[in-house]
2 protein chains.
Amino acid sequence: MLFRYLFSTPYITKTCTLNKLNRTLSTLPQLSSEKYGVKRKEFGVLKNDDVKFFQSLISKERVLTDESELLPYNIDWIKNCRGQSKVVLKPKTTEEVSQILKYCNERRLAVCPQGGNTGLVGGSVPVFDEVIINFMLMNKIISVDELSGALVCEAGCILENLDNYARERNLIMPLDLGAKGSCQIGGNISTNAGGIRLLRYGNLQGTVLGVEAVKADGSIIDCLRTLKKDNTGYHLKHLFIGSEGTLGVVTKVAIQCPSLPKSVNLGFFGVESFDSVLQLYKSAKSSLGEILSAFEMADSLSIGTTVKNLKLTNPIGEYPFYVLIETHGSDEEHDSDKLSRFLSREMDSGLIVDGTVTAEETKMKSIWNIRESIAGAALHGGYMFKYDVSVPLRSYYELVHVLRRRLRAVDCKVYGYGHVGDGNIHINVVVPEYSKEVYGLLEPFIFEEVSKHKGSISAEHGVGFRKPQYIHYSKDQTSLQLMRDMKRVMDPNGILNPYKVLPDPS
Amino acid sequence: MLFRYLFSTPYITKTCTLNKLNRTLSTLPQLSSEKYGVKRKEFGVLKNDDVKFFQSLISKERVLTDESELLPYNIDWIKNCRGQSKVVLKPKTTEEVSQILKYCNERRLAVCPQGGNTGLVGGSVPVFDEVIINFMLMNKIISVDELSGALVCEAGCILENLDNYARERNLIMPLDLGAKGSCQIGGNISTNAGGIRLLRYGNLQGTVLGVEAVKADGSIIDCLRTLKKDNTGYHLKHLFIGSEGTLGVVTKVAIQCPSLPKSVNLGFFGVESFDSVLQLYKSAKSSLGEILSAFEMADSLSIGTTVKNLKLTNPIGEYPFYVLIETHGSDEEHDSDKLSRFLSREMDSGLIVDGTVTAEETKMKSIWNIRESIAGAALHGGYMFKYDVSVPLRSYYELVHVLRRRLRAVDCKVYGYGHVGDGNIHINVVVPEYSKEVYGLLEPFIFEEVSKHKGSISAEHGVGFRKPQYIHYSKDQTSLQLMRDMKRVMDPNGILNPYKVLPDPS
């Protein structure tokens, strides 16, 4: 048993952000429409007069039409999808968004709303020539109530900026995810982002207090209340949380921020088997109780590859599984007391084989950086098939074994890691380059397996462009019909983020 | 400064439940349709053949048609509303609910879904002759996952029974409210019930994992998943949370239960002013942090009347304001340490003038009983106008002063109490008997005041039958139109809980 104090040298000199990784990729992905054989729907086609209208509405410099300028807005982060949009609009106000949508709706021009473009299912880039509405200039923080914790801001605010702003006021954002340096709160809400602290602070359905959104016809739905309790009629904000911009476009957000924890601890542990991971989770829930803020796991391949590809340092030895446990509490002494008792018991029991615990911020950042870089680091290996599923805990890691067996003859690597506390595992299958054969081996097989366990084929990434044809593994026909009914009533011309979320009727 | 240990004698011999109170009321309330001048809409009228159909579908003994038997189902708890239903149906399965709705939809028979009938805005009783679908026989607990905390049950399960069941498995229900002994989980979800621990465990929008519901046409929407994360398409369950049975009828529920706290403490404190209540809340949030599970307040009149009318004992002296603080934690020593430090500081500071703290279950129940009996106890005084609003904390108690001034010339009492942590105050105005004059003084005045503060005119009680005409104080016309659009698409014949929630178009 080896326990050490972390990091004698500052071995991480820069953080590997999504954008930087994106820029290192050189070849252009195939057009989504060709790659996936999609047919353009009967929308209007952008004309010079349309561009002139947009320029007169929001000024020339906020209307991009130059092909090279458009490229990064047409490609998604994992280079899986490429659209063919001819125009990017950058509104600064809700009124501008409203005018843009009203015009597009009348002209039947399809629209793709775009936040930080960190989505993983192709939801944030166009498929054909949809007009891109990019929210990066709607980035104002409007207000914060330090007593109640209600923060109000525009949709284009970057999550990390909001979190920093909140921290200066003894608050934190209730969600945190690897893409925080680039993703925008409007996109987070549109995709119902989950992340690493859902276990503690709950989901966005619970923490979002209010939303302002614009419907396809340009009408503004103002549910931007900061009240914790408001039962005056239908809870309309939920129409926009997780509907991926297909029912309306989120323009402003009110969110409940928890108190900044006075004491934070992070542990990184080596564990012998997945069964031990589960036992450790049960023990952590019981011993750490209300201060447990994250319980993450990653397999040996995930950590090993990340450390190697990004030249990081694994602070402990090599183990079949790694567990990351974080606590957020209000009393340093009490928290450290709870943690020590937990550690001492589970080191004695043998569940924890090796590990390190720290309360120093830079050291905690370094450990989180390893965990959060897993997806990006694996991309170095070539093309990535990315899955994000929920399954009951006892079947959590089984799927990785099943896939490794199924792909035995293929040159590939199968990575498994995720949010144990939420029953949510990410599985990345990396091959030297995109292969239809591997695709055929993976899909729909993986969704059928998840469906057998009554799981979700998309736990937190959403459906986007990549998964509508598989949504029936998690939603029955009656539910799909209700989704179509809602789409029809809220966006009768179907201009909002077409080819996404809703499958074509079979 | 006097601090005492609680209750040398067991002064509470029986719990005053809602049902018991109900039975003590003798006079029949006026018919809702007459009292509020409502016109019956063009629905079908129940015929003998309809009754025969229902009898053949679910058996004779589960179809009530005898007038005296129907009476309690036609009257709401606060005796404000009386409907004229000719039939109560008690289905046992989702399939039966589906068949009933399909039939009613085809026959254009209006329907009133009914849970524990503890609602406070007349949502759970019919207005005219709606068919009552009562859920009391759909009361099976289907499953519980002790590791993840997911509990699945039928809609008619009584909240307190579920909580007891959960406690035997080291879990608790995430919501708790005064009506827990009678209210049903299906009704809780349909009305998005809040209650006393929302501060700690969050709202139902966050804690409900899945819902099974039946639409007006009888189609069953199965979103009964137990997954914490599931982003496969629109989050349909939210259509049924808080829409008060007007978009569909909840038949089954999956809910996330938190761990049973290993340590619970309850304090009851005397405080000199509302400003001190607020300061105490700020201090409790900071000192008690993650273990703070409830922060309630009641004014002198609320506690005084409750204690007097129900022959209870106020464990401390008489003070202008009372604060009830509860902690839920995982470590007795740590919790008591946090609490002691908080108490010692705030007794020194003078914010707490008097008080008592206990960890004994029967004593805690006694204190909670005082708090939870406020609404019922005030009913002894005659007729109650009941309000439930959210306002920013700094204006929280102002409304009580404003109303007392406005009603100076009237024989009435104005009670103020509520969930400070959620910005939610209950205001009860009690008069010897219903008076149109007082009604005219109260409404819409009170809603206008709330609207000035950008509050909610119904924080947790919902809109029901009593508030649709005031909903515009909290929802603008565009939002109301979207509500109507959703109603049209989900219940085109408008049979589900008519005259409720949605205002008639002006």
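Within the range A:483-499, the residues that become at least 30 Å² less accessible when every protein chain is included than when their own chain is isolated (1.4 Å probe; DNA, RNA and ligands ignored) are A:Met483, A:Asp485, A:Met486, A:Val489. When only DSSP loop residues count, what GluC sites (Glu not before Pro) in the range B:407-506 have their Cβ near at most 11 other Cβ atoms within 10 Å? Filter output for the range B:407-506: B:Glu433. Quick one: which bits of the range A:132-164 get at least 50 Å² less accessible when the partner protein chains are in, versus the chain alone, with a 1.4 Å probe? Buried on complex formation: A:Leu147. Considering only Cα atoms, the convex hull volume of the range B:21-126 works out to 110 Å³ per residue. Here the range B:261-375 has an Rg and Dmax of 13.4, 38 Å, counting Cα atoms alone. Modelled spin-label separation between A:Asn170 and A:Leu28, with each label point placed 7 Å from Cα along the Cα-to-Cβ direction: 5.4 nm. Whole-Hz Karplus values for the range A:109-124 come out as 8, 6, 10, 10, x, 9, x, x, 6, 10, x, 10, 10, x, x, 9 Hz, taken residue by residue from phi with 6.51 cos²θ - 1.76 cosθ + 1.60 and θ = phi - 60°; glycine and proline positions read x. Taking the Cα atoms of the range B:138-232, the ratio Rg/Rh between the radius of gyration and the Kirkwood radius comes to 0.94. Under a model in which nothing but the beta-carbon of Lys, Arg (+1) and Asp, Glu (-1) is charged, the range A:39-100 shows a dipole of about 240 debye around its Cα centre. Taking amide H as placed 1.01 Å from N in the peptide plane, the amide H of A:Phe128 sits under 5 Å from that of A:Gln84, each at least 5 places away or on another chain.
Our Cα-only numbers for chain A put the radius of gyration and Dmax at 22.7, 73 Å.
Given +1 at the Cβ of Lys and Arg, -1 at the Cβ of Asp and Glu and no other charges, the dipole of the protein assembly as shown around its Cα centre is 1580 debye to the nearest 20.
Gap in Å between the Cα centre of the range A:207-272 and the Cα centre of the range A:461-481? Their Cα centres are 22 Å away from one another.
Accessible area per residue for the range B:382-490, computed on protein heavy atoms with a 1.4 Å probe, is 36 Å². Rolling a 1.4 Å probe over the heavy atoms of the protein chains gives the range B:208-346 an accessible area of 28 Å² per residue. What a 1.4 Å probe finds exposed on chain B is 49% carbon and sulfur by accessible area, rounded to a whole percent. Pair-distance distribution of the range A:456-506: all C-alpha pairs, bin width 5 Å, starting at 0; shares per bin in whole percent are 5, 20, 31, 27, 15, 3. Shown is the FRET efficiency for B:Thr313 and B:Val410, computed with R0 = 41 Å from the Cβ-Cβ distance and rounded to the nearest 0.05: 0.85.
Interface B-A: total buried accessible area of about 6800 Å², 1.4 Å probe, protein heavy atoms only. Computed over neighbours whose Cβ is under 11 Å from that of A:Val152, the net charge equals 0, Lys and Arg +1, Asp and Glu -1. Taken about its Cα centre, the range B:386-434 carries a charge dipole of roughly 240 debye when the Cβ of each Lys and Arg holds +1 and the Cβ of each Asp and Glu holds -1. Starting from the Cα of A:Asp485, move 7 Å in the Cα-to-Cβ direction to define the label point; list residues of the range B:475-499 whose amide nitrogen is under 13 Å from there. Within reach of a label on A:Asp485, which here means backbone N under 13 Å from a point 7 Å along Cα→Cβ, the range B:475-499 contributes B:485-496.
Of the Cα atoms belonging to the range B:309-381, the radius of gyration and Dmax stand at 14.3, 44 Å. Counting only other chain Cβ atoms within 10 Å of each residue's Cβ, the peptide A:470-477 averages 3. Against the empirical 2.2 N^0.38 Å (N residues), the protein assembly as shown has a Cα radius of gyration ratio of 0.94. In chain B, helical runs assigned H by DSSP with n ≥ 4 each contribute -39500 (n - 2.57); averaged across all residues and rounded to the nearest 500, the mean residue ellipticity at 222 nm is -9500 deg cm²/dmol. Placing a label point 7 Å from Cα along the Cα-to-Cβ direction at B:Arg406 gives distances to the equivalent points in the other copies of 6.4 nm, listed shortest first. Peptide A:284-290 has a mean shielding of 6, counted as Cβ atoms of other protein chains within 10 Å of each residue's Cβ. Tell me the label-point distance for the pair A:Ser344, B:Lys365, using the 7 Å Cα-to-Cβ offset, in nm and rounded to one decimal. According to this spin-label approximation, the distance is 3.7 nm. The ellipsoid that matches the Cα gyration tensor of the range A:382-490 has semi-axes, each √(5λ) in whole angstrom, of 26, 17, 12, with the longest given first.
Ordering A:Leu177, B:Ala375, A:Gln84 by Cα displacement along the dipole of the protein assembly as shown toward the positive end leaves A:Gln84 in first place; charges were set at the Cβ atoms of Lys, Arg (+1) and Asp, Glu (-1). If you count Lys pairs in the range B:138-285 whose Cα atoms are under 15 Å apart, skipping same-chain pairs closer than 8 places in sequence, the total is 6. With its label point put 7 Å out from Cα toward Cβ, B:Leu28 sits 8.0 nm from the same residue's point in the other copies, in order from shortest.
Approximating the spin labels as points 7 Å out from Cα along Cα→Cβ, the B:Asp49-to-A:His380 distance works out to 7.7 nm.
Over all residues in B:234-244, what is the mean tally of Cβ atoms on other chains that come within 10 Å of each residue's Cβ? Mind showing how you got there, number by number?
On the way: counts 19, 8, 8, 2, 9, 6, 0, 4, 7, 3, 3.
Whole-number average of other-chain Cβ neighbours for B:234-244 is 6.
Computed over the range A:341-425, the percent of Cα pairs more than 16 Å apart is 69. Distance from the axis that maps chain A onto chain B is least for the Cβ of the chain A residue given, with the whole Å value, as A:Gly206, 1.
The values are calculated or read from the model by the stated rules, or taken from the named source; none is laboratory data. Predicted, not measured: the structure shown is a model, and the values here were computed from it. For neighbour counting, all protein chains shown are included, and Cβ atoms are generated from backbone atoms with ideal geometry for every residue, glycine included. Protein only, heavy atoms only, side chains kept; ligands, DNA and RNA dropped before computing areas. Shrake-Rupley method; radii C 1.70, N 1.55, O 1.52, S 1.80 Å.
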